[in-house]
């Protein structure tokens, strides 16, 4: 299990933030967190739960059977704070942020920014980060985080598979 430990600090909080690559035995934990994430996103994408009361996420198993997919658990001061899912995007040095979730308790205190920077540092190369068209808070967050991380060296792009979705492209070292 690989762990990266850093301290994120802002005027609001001082938190010990860990990004931990998830193991197979944590798959159900990821499924559970994905339900919270999809509940938050339903405000923007209009998705309803199934007759079982669940959203479901069809690609969970892929993260343990396909090369180039990486699920991470986020912990803050030992507590579960969210997850990140990264996948290769066309080659070993090309990455896409598939899913990124910070639980509400941990938002707006620097945790999301710290975690994003840790993820970008972990996977050097080309990055694409997409946001849902209606999710304005996400768009503001990612433009700010990416501009800060790259010193403004990124570009807005169109991704053919996601027409109308805002996206930023940049490279890490």
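Computed quantities for the displayed model
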item: Any hit, the stretch 111-118, residues being at pLDDT 95 or above and more than 21 Å from residue 34 (Cα to Cα); result: yes
item: Sole residue being within 15 Å of the chain's Cα centre (by Cα) and over 26 Å from residue 21 (Cβ atoms), chosen from 160, 166, 133, 137; result: 137
item: Residue in the stretch 135-155 that is part of a helix (DSSP H, G or I), touching a strand residue (DSSP E or B) at 6+ places or on another chain (Cβ under 8 Å), loosely packed, with under 15 Cβ neighbours inside 10 Å and at pLDDT 95 or above present; result: no
item: Test: residue in the stretch 85-93 that is under 11 Å from the mean Cα position of the chain (by Cα), under 14 Å from residue 172 (Cβ atoms) and surrounded by 15 or more Cβ atoms within 10 Å (Cβ to Cβ); result: yes
item: Boolean, residue 63 is more than 22 Å from residue 110 (Cα to Cα), in contact with a strand residue (DSSP E or B) (Cβ under 6 Å, 6 or more places away or on another chain) and at pLDDT 90 or above; result: yes
item: Filtered residue count, the stretch 68-124, keeping only those that are in contact with a helix residue (DSSP H, G or I) (Cβ under 7 Å, 6 or more places away or on another chain) and assigned to a helix (DSSP H, G or I); result: 5
item: Considering residues of the stretch 10-60 that are within 17 Å of the chain's Cα centre (by Cα) and part of a strand (DSSP E or B) only, the residue nearest to residue 108 (Cα to Cα); result: 17
item: Residues of the stretch 140-157 satisfying the condition of being more than 16 Å from the chain's Cα centre (by Cα) and under 13 Å from residue 117 (Cα atoms); result: 147, 148, 150, 151
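The values are calculated or read from the model by the stated rules, or taken from the named source; none is laboratory data. Note that the structure is a prediction, hence the values are computed from the model and not measured. Here the Cβ is made from the backbone with ideal geometry for all residues, glycine too, and neighbour counts use every protein chain on show.
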